[in-house]
Amino acid sequence: MQKIFETIKEVALEIDTLIVNEDTGYVDGTNATGDQQLKLDVACDLLIEKAFRDNPEVLALISEEKEDVMACNEDGLYTLCYDPLDGSSIVDANLAVGAIFAIYEGEPSGDTLVGAAYIVFGPRIEIVTAVRDEAPIRYRYINDGYQVFHPIALGEKGHINASGGSQKHWQEKHITFIHALFAEGYRLRYSGGMVPDLHQVLVKGGGLFSYPSTADNPNGKLRVLFEVLPFALIFEAAGGQALDEKGRRLLELTVSHPHARTPCFFGSRYEIDRFQKAYGIL
Ligand code: AFP
């Protein structure tokens, strides 16, 4: 699996160059879940496909930008699922965006996820990698090389509230819950980019990121295999929790198709406890 992490570090530099220099316009098509595609989405997807398809460890590739599974090496051990450029709608605003990778050993599902990584393309490139049941490792690209940076660990409670989705489409219980956190003094930290928004909760030591079931997205907006599960593994490895709307561990989810979505709640223990009480789970 380390070879996969090393390749992620290499493609991070190439994707960063694309983000800085390439056109941020849209192509005519949409991706597998009907999202409009940037030329950048397609370019980053192709770059990652080329980087991994001949890796002997890789059995198959599943991309957010493609409908079908790409068979690679029949003796490969891992299925790599990835979101090549997460945050397409904020690239033109020059906000931080990311790429997300999930490494599955066997049919992709919560319990076959064995590794995860994400790249943050911000003022600096940062990468977080995690192997199941091991502490995450945070890297920062400094002076032409990756340095292991301060560890990521969530405390009992934080002060950040990253609340996704359109508020007009939230359920009443979600409105009450989110507003109660703000009334307690939580600060709104939400850019619309899942990777920087979750990275901020991790780096600041706690808080809550939520993308609930909404009237316009009853299953939430975020995709299980290549967005939600990799962050679930990293949040649990960092001492936090990651649950769905019914209070089930996201890492216990299975999917009926590669582009399935789920509501998701990521956070330190205090905020997750508050969520479970607000949703009548506890
Ligand atoms: P785009 O890739 O279309 O910008 O969507 C990004 C994303 O999938 C994820 O990165 C964000 O957390 C989420 O959408 C933001 O969705 P809302 O704008 O509905 O809050």
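The values are calculated or read from the model by the stated rules, or taken from the named source; none is laboratory data. This structure is a prediction, so every number in the text was calculated from the model and none was measured. Glycine gets a Cβ as well: all are built from the backbone with ideal geometry, and neighbour counts include every protein chain shown. Surface accessibility is based on the protein's heavy atoms, side chains included, excluding ligands, DNA and RNA. Shrake-Rupley method; radii C 1.70, N 1.55, O 1.52, S 1.80 Å.
Some points to look at:
- Positive-end ranking of P56, P123, V69 along the dipole of segment 23-144, with charges on Cβ about the Cα centre, is headed by P123.
- Extreme residue, positive dipole direction of segment 125-243, given options V148, V201, S166 (C-beta unit charges): S166
- Å² of accessible area per residue within the chain, as computed with a 1.4 Å probe and no ligands counted: 42 Å²
- Solution diffusion estimate, µm²/s, Stokes-Einstein, segment 160-278, Kirkwood Rh from C-alpha pairs, 20 °C, viscosity 1.002 mPa s: 153 µm²/s
- For the chain, the equivalent ellipsoid derived from the Cα gyration tensor has semi-axes of 28, 20, 20 Å, listed largest first.
- Kyte-Doolittle at least 1.6, axis length at least 18 Å by Cα - qualifying DSSP helices, the chain: none
- Here the dipole of the chain is about 1320 debye; that uses its Cα centre as origin and unit charges on the Cβ of Lys and Arg (positive) and Asp and Glu (negative).
- Relative contact order (percent, whole number), the chain, Cα cutoff 8 Å, 6+ residue spacing: 16 percent
- Cα-based Lys pair tally, segment 160-278, threshold under 22 Å, eight or more apart or on separate chains: 7
- Label-point gap, in nm, between E184 and M1 - each point 7 angstrom along Cα→Cβ: 3.2 nm
- Residue list for segment 60-104, given a label point 7 angstrom along the Cα-to-Cβ vector of E14 and an amide N cut-off under 15 Å: 84-85
- Only Lys, Arg (+1) and Asp, Glu (-1) charged, at Cβ; segment 2-148 dipole about Cα centre in debye: 540 debye
- Loop exposure criterion: GluC sites (Glu not before Pro), DSSP state outside H, G, I, E and B, at most 13 other Cβ atoms within 10 Å. Applied to the chain, the longest stretch between such sites is 185-282.
- Neighbour net charge for T262 - beta-carbon separation under 12 angstrom, K R +1, D E -1: +2
- For segment 1-80, the Kirkwood estimate of the hydrodynamic radius, built from every pair of different alpha carbons, is 13.4 Å.
- When DSSP beta bridges are restricted to pairs lying wholly in the chain, around 80% turn out antiparallel.
- Of the chymotrypsin sites (Phe, Trp or Tyr not before Pro) found in segment 116-215, not one falls in a DSSP loop while having at most 11 other beta-carbon atoms within 10 Å.
- The chain, accessible surface, carbon-and-sulfur percent (1.4 angstrom probe): 48 percent
- Using a Gaussian network model of the chain in which every pair of alpha carbons under 10 angstrom is joined by a spring, one finds that among P151, P136, P108 the greatest mean-square fluctuation is at P151.
- Shape box of segment 56-178 [Cα atoms, principal axes, largest first, Å]: 50, 40, 35
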